[in-house]
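All remarks here apply to the structure that follows.
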Amino acid sequence: MNKKIYVLGLFFFLFQFVFAEKVLISPIITYGSDIEEIDNYAINLKEKLHNDLESYWFEGFFEFETLDESEVGKVLTVLDARNICLAKNEEYIIYGYIQQNEKSWYGNLKLYSKSHKKILKEFFSSDDILSFERFCNTLINNIAYGLKEISGIEETIVKDDLTEPFSLGISISSFYWNPLSPKWNNVLMGIVGVQLGVELFMPHERKVSNYFDTSIKLLTSYSFGKEVEGSYPLNLHSVQFNTSLLERFHFNRNHALYVGCGPYYELEFLTVLEKYKDAKTYLQNMFGLKTILGYELTINKKLLFGTEVAFDFHLSKDFFVSIKPSILLTINIYRGDK
């Protein structure tokens, strides 16, 4: 029993973390007559840029790290930006310059992407010489909007009142399973299973956060079990066909919890080699009820990642329940608005 608890605990521990892309913020280059004074302004801008961007809600897509000039030197070109991204093994870097003259401030910062091997966005700001704070705020707001734009976050804000269309997804999952029955636990150890499915996402109102949607899932799974240590040799192969209705609660654009329920049909092949007897194979048709509790991360419009626990209630003469923690990936292959 302790082993089962350990496996389940480890499973949920590994999948409670969501990893964000890190955006590096390089030292800002300065131009003007009083370089020392402008450098101080640039340092303040870099710190403000980091703090303000950290305070924005990017729905888990980005985190930020500032770099010191003593560490990376002056970042002037695309090649400099690429070399730093490669050295740090990070996807994005913000770099550029600010310029001061007698009457005004001017700034040009750029967002470089390692995987795209180019500048994705350029951000500009200008203001009069006495309005440095406003100059900084304009530049930072432009950067924040640009980051939301490349991640797609702005669509949920601009199109808040629209309807999400019907869509179709293919799901793939693997699971560990175990029977929760004293009788079966004495002889049978659930091991692994795989599951393929088609998920139909119903049209629903699209909001930024706190909303529900519904989907129907058609699943086919295969699972394998074998004898526990000390028991006679036993192999169980089962194929299951299930239809479940899922209801999701979205905390925001990316994170959702869902529950589901539906009937299933299962075909089981059990091979047993008892002591002093020939091997026997038994075939059993079984109906049951599946309940599901899961967490889902929306990576983008086409890709969903999740983890769930299913309880299979085997409605046979020897009634028992199986628990199946799993990890799954859903790929959306059709959207009604395309």
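The values are calculated or read from the model by the stated rules, or taken from the named source; none is laboratory data. A quick note: this is a predicted structure, and the numbers were derived from the prediction, not measured. Neighbour counts are summed over all protein chains in view; Cβ atoms, including those assigned to glycine, are modelled from backbone coordinates with ideal geometry. Protein only, heavy atoms only, side chains kept; ligands, DNA and RNA dropped before computing areas. Shrake-Rupley method; radii C 1.70, N 1.55, O 1.52, S 1.80 Å.
Highest GNM mean-square fluctuation among 121, 277, 22, for the chain modelled with Cα contacts below 10 Å: 277.
Between the Cα long axis of helix 2-14 and the first principal axis of the chain there is an angle of about 30°, rounded to the nearest 10. Protein heavy-atom surface of the chain, 1.4 angstrom probe: 60% of the accessible area is carbon and sulfur, with nucleic acids and ligands not counted.
Accessible surface calculations at 1.4 Å, restricted to protein heavy atoms, place the chain at 54 Å² per residue.
Applied to the range 78-85, the Karplus parametrisation 6.51 cos²θ - 1.76 cosθ + 1.60 on θ = phi - 60° returns per-residue 3J(HN,Hα) values of 4, 5, 4, 4, 5, 4, 5, 4 Hz, with x for Gly and Pro. In sequence order, the range 165-170 has phi-based couplings of x, 4, 9, 10, x, 10 Hz under the Karplus curve 6.51 cos²θ - 1.76 cosθ + 1.60, θ = phi - 60°, and Gly or Pro positions carry x. Less than 5 angstrom separates the built amide H of residue 164 from those of 204, 205, 206, all sequence-distant by 5 or more or on a different chain.
In this rough spin-label picture, where each label sits 7 Å from Cα along the Cβ direction, the residue 224-residue 31 distance is 6.6 nm.
Shape call for the range 80-149 from the C-alpha gyration tensor, a ≥ b ≥ c root eigenvalues: rounded (a/c under 1.5), prolate (a/b greater than b/c) or oblate?
prolate
Loop-resident trypsin sites (Lys or Arg not before Pro) (DSSP state other than H, G, I, E or B) in the range 74-108 with no more than 11 further Cβ atoms inside 10 Å of their Cβ: 103. Modelled label positions at residue 83 and residue 316, each set 7 Å beyond Cα in the direction of Cβ, lie 6.7 nm from each other. Of the GluC sites (Glu not before Pro) found in the range 196-297, those that fall in a DSSP loop while having at most 10 other beta-carbon atoms within 10 Å are 229. Starting from the Cα of residue 299, step 7 Å toward the Cβ, then list every residue of the range 57-93 with an amide N under 15 Å from that point. Residues 61 qualify, since their backbone N sits under 15 Å from the label point. Gaussian network model of the chain, Cα springs within a sub-10 Å range: biggest mean-square fluctuation belongs to which of 32, 190, 260? Taking springs between Cα atoms under 10 Å, the residue moving most is 32. Counting only Cα atoms, the size of the chain along its three principal axes is 98, 44, 29 Å, in decreasing order.
What the Cβ-Cβ distance of residue 150 and residue 265 gives, at R0 = 51 Å and to the nearest 0.05, is a FRET efficiency of 0.65.
Cα convex hull, the range 172-260: 110 Å³ per residue, rounded to a whole number. Dividing the summed -39500 (n - 2.57) terms of all DSSP H runs of n ≥ 4 by the residue count of the chain sets its mean residue ellipticity at 222 nm at -7000 deg cm²/dmol. Of the residues 196, 147, the one with the largest accessible area comes first in the ranking 196, 147, computed with a 1.4 Å probe on protein heavy atoms. Only protein heavy atoms count here; under a 1.4 Å probe, residue 128 has an accessible surface of about 60 Å².
Relative to the first principal axis of the alpha-carbon coordinates of the chain, what is the inclination of helix 132-151, with its axis defined by its Cα atoms, in degrees from 0 to 90 and to the nearest 10? That helix lies at roughly 30 degrees to the long axis. Here the extension length gained between residue 186 and residue 334 equals 48.7 nm, from 0.36 nm per residue of separation less the Cα-Cα distance. With springs only between Cα atoms under 10 Å apart, run a GNM on the chain and tell me which of 318, 127, 52 wobbles the most. Sorting by GNM fluctuation, first place goes to 318.
Model label sites at residue 257 and residue 76, defined 7 Å from Cα along the beta-carbon direction, differ in position by 5.5 nm.
Residue pairs exceeding 31 angstrom between C-alpha atoms, taken from 275/317; 217/317; 148/290: 148/290.
Please give the direction-averaged projected area of the C-alpha convex hull for the range 207-299, in square nanometres with one decimal.
7.9 nm²
Leaving ligands, DNA and RNA out of it, rank 25, 119 by accessible area with a 1.4 Å probe, largest first.
Values: 25 0, 119 50 Å².
My answer, sorted largest first, is 119, 25.
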